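All remarks here apply to the structure that follows.
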Amino acid sequence: MTLDAFWERERAWGFYPLLEAPRDAPEDYALEVALVKRVLECWNIDPAFRDAWARNPQRALEDRQIALQAADVAPLLASEPVPEATDPILKAVYQGRDLPDQPQAVRRYCAHLREKLHWRQAHRRANQPTDPRMAAWWERQVARLSGQMHADKADAIVHTPVSFELSEGCSVGCWFCALASEPLQDRIWRATPEHRVLWRSVLQQLKERIGPAVGNAFCYWATEPFDNPDYEVFLQDFQQVLGRVPQSTTARPTATIERTRALLRLSEGHGVLNRFSILSRDIAQQVHAAFSARELLLTELLPQNRDANPKFRKARAGRILESANPALTQTPTTIACVSGFLINLWAQRIQLITPCPASAVYPKGYQVLDEALFTTAEDFGLMIECLISKHMLRFPPLDAPVRLRPDVRIECPDASHLLFRALAKRVTLANQPHSHQLAELLEAGANTPAAIAEAREQAVGIDCQDSLFLINHLFDLGLFEETH
Ligand code: SF4
């Protein structure tokens with residue numbers, strides 16, 4: 001749905017944008033949504049609040065200074081975790097429906113959730129690079145991942161084409177770190193005049209090559225943004241070159257309250273959705289004491305504490321890949337959301353990465369397809385071009401074997417159909433005479449496109465161009481391994 005059509009519908013129902021421009025909601029409207037959000041934060045992070053609510057809901061709200069009536073938010077608080085697929089309110093949100101029978105506060109909050117889903121879809125579309133080779137490669141990664149993970153997980157991955165690290169390692173050391181970050185050890189890239197010249201050149205070169213999607217990049221990965229005392233200086237340069245303020249996620253929101261508040265103010269006018277990673281109930285209480293609900297309207301609090309609502313499962317990846325903890329996801333997943341370049345400025349390193357389900361082979365939930373080092377701005381541009389031309393092929397080479405991904409199975413339902421089956425996707429090809437032969441040629445993993453085309457022509461008289469077109473189509477669907 002286009003932005004205009006989405007907002008035409010939402011405004012007709014009486015709702016306003018809070019995240020997307022023009023953010024013209026009346027103040028009492030924004031405050032009500034912020035208060036509902038705060039109730040849910042208390043509910044999801046703090047078992048003491050859940051107990052207090054069970055005893056006396058209104059009193060529980062008053063104790064947290066939340067000026068709402070309990071009946072206005074009660075429909076959102078299920079006493080037992082309900083799977084998302086069967087939660088009627090969430091189901092309506094995902095289906096883009098209003099809930100006219102619910103209290104106003106619930107309806108407005110659900111409208112905000114719909115806005116966030118809509119924003120995420122638009123954000124993902126906007127992440128497609130402009131370089132045609134990288135755009136095709138990026139589309140293949142999106143298509144591949146949508147077959148490897150169920151839709152609820154795959155749709156949440158936005159495939160940002162670039163992210164940056166402004167230090168090496170992380171000072172926080174979370175027990176669940178899905179990216180298995182290293183200790184920080186003072187490896188921080190400071191904003192010296194020379195570094196800022198290089199930084200701005202890196203941003204400018206990426207903007208010219210990849211396009212406006214670089215503005216969706218963020219400046220952390222297996223790092224904590226506030227570990228770098230100059231983080232905000234780099235954000236200002238980013239804003240000047242790319243016209244956007246990058247999103248931030250911090251696990252240290254209370255380390256220096258005024259620093260955090262300044263970051264929120266910088267983000268607010270740009271509709272940036274920041275995130276606080278909440279590691280304990282104490283931190284949640286400090287956050288709630290330091291920041292009003294209204295101040296945090298566009299800041300998500302991620303319940304990462306051990307006693308959080310059990311429906312918030314952590315990704316089984318990185319440091320906890322082998323853990324038997326039942327609070328971890330049971331199905332294949334990842335938290336990695338970059339299909340493109342992960343650039344560490346401290347190490348002056350570029351990695352070409354793309355998400356995949358975390359496994360023993362890819363414990364951090366992403367593949368590193370290649371890596372290059374740079375020392376100067378000129379080097380940087382050359383390395384980016386080198387990685388694009390080496391890995392982002394527009395078509396599979398005629399003389400290199402094509403191999404199906406290991407997770408793709410191929411079947412022949414009858415003599416003229418082929419079925420490709422992965423965990424979360426099936427692709428059917430019709431009108432393939434002697435389909436068993438084609439299946440065998442593809443399954444072997446040792447045949448080049450040229451050899452397959454020739455074999456098909458000899459066996460069933462199919463024009464070579466038609467076979468090559470078919471192989472390119474399967475390549476575009478992300479069904480082949482790209483890097484052997
Ligand atoms: S989860 Fe984030 S904050 Fe925690 S150790 Fe990993 S990188 Fe650091």
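The values are calculated or read from the model by the stated rules, or taken from the named source; none is laboratory data. Bear in mind the structure is a predicted one, so any value in this text is a computation, not a measurement. Methodologically, a virtual Cβ is constructed for each residue, glycine included, from the backbone with ideal geometry; neighbour enumeration extends over all protein chains shown. Keep in mind that these areas ignore ligands, DNA and RNA; they rest on the heavy atoms of the full protein, side chains included. Shrake-Rupley method; radii C 1.70, N 1.55, O 1.52, S 1.80 Å.
Report in % the part of the accessible area of the chain that belongs to carbon and sulfur, leaving out ligands and nucleic acids; probe 1.4 Å.
Working: 11470 of 21760 Å².
Ligands and nucleic acids excluded, carbon and sulfur give 53 percent.
Per residue, the accessible area of the chain comes to 45 Å², computed with a 1.4 Å probe over protein heavy atoms only.
Cα centroids of the stretch 320-389 and the stretch 438-476: 32 Å apart. Phi angles across the stretch 188-193 convert, under the Karplus curve 6.51 cos²θ - 1.76 cosθ + 1.60 with θ = phi - 60°, into 3J(HN,Hα) values of 10, 8, 7, 8, 6, x Hz, Gly and Pro given as x. When the C-alpha to C-alpha distance is required to be over 22 Å, the pairs from Lys91/Lys364; Lys37/Lys91; Lys207/Lys314 that qualify are Lys91/Lys364; Lys207/Lys314. Specify the angular offset, from 0 to 90 degrees and rounded to the nearest 10, of the alpha carbon long axis of helix 257-268 from the longest principal axis of the alpha carbons in the chain. Helix 257-268 sits at roughly 60 degrees to that axis. Scanning residues 5 or more positions from Arg405 or on other chains, those with amide H under 5 Å from its amide H are Phe480, Glu481, with H placed 1.01 Å from N in the peptide plane.
I need the shape label for the stretch 125-183. Rule: rounded when a/c is under 1.5, else prolate if a/b > b/c, else oblate, with a, b, c from the alpha carbon gyration tensor.
oblate
Relative to the longest principal axis of the Cα atoms of the chain, the long axis of helix 104-126 lies at roughly 30 degrees. 3J(HN,Hα) couplings calculated from phi for the stretch 277-293 with the Karplus curve 6.51 cos²θ - 1.76 cosθ + 1.60 (θ = phi - 60°) are, in sequence order, 8, 8, 8, 7, 4, 4, 5, 4, 5, 5, 4, 5, 6, 8, 10, 6, 4 Hz; Gly and Pro show x. Taking the longest Cα principal axis of the chain as reference, the axis of helix 464-476 is set at about 20 degrees. 3J(HN,Hα) along the stretch 172-182: 7, x, 4, 5, 9, 3, 5, 9, 6, 5, 7 Hz, from the Karplus curve 6.51 cos²θ - 1.76 cosθ + 1.60 with θ = phi - 60°, whole Hz, x for Gly and Pro. Calculated mean residue ellipticity, 222 nm, the chain: -13000 deg cm²/dmol, from DSSP H runs (n ≥ 4) at -39500 (n - 2.57) each, averaged per residue and rounded to 500.
Less than 5 angstrom separates the built amide H of Thr249 from those of Arg275, all sequence-distant by 5 or more or on a different chain.
Between rounded, prolate and oblate, where does the stretch 409-476 land on the alpha carbon gyration tensor, with a ≥ b ≥ c its root eigenvalues, rounded for a/c under 1.5, else prolate if a/b exceeds b/c?
Numbers: a/c = 1.70, a/b = 1.41, b/c = 1.20.
It comes out prolate by the Cα gyration axes.
Across Asp230, Asp72, the residue with the most accessible area heads the list, and the full order at a 1.4 Å probe is Asp72, Asp230.
Tell me whether the stretch 127-391 comes out rounded, prolate or oblate; compute the Cα gyration tensor, take square roots of the eigenvalues as a ≥ b ≥ c, and use a/c under 1.5 as the rounded threshold. Working shown, then result.
Values: a/c = 1.63, a/b = 1.14, b/c = 1.42.
In terms of gyration-tensor shape, oblate.
Distant-in-sequence amide contacts of Asp370, defined by a placed amide H-H separation under 5 Å and a gap of 5 or more residues or a different chain, comprise Leu352.
With a cut-off of 13 Å between beta carbons, the residues surrounding Leu203 carry a summed charge of +3, where Lys and Arg count +1 and Asp and Glu -1. Computed over the chain, relative contact order equals 15 percent, with contacts defined as Cα pairs under 8 Å that lie 6+ residues apart. When the alpha carbon coordinates of the chain are projected onto the principal axes, the ranges are 80, 57, 47 Å, largest first.
Let me check against my output: what whole-number percent is the relative contact order of the stretch 372-484, with C-alpha pairs under 8 Å and at least 6 apart? Let's see the in-between values first.
Working: 139 pairs, mean separation 29.0, N = 113.
This gives 26 percent for the stretch 372-484.
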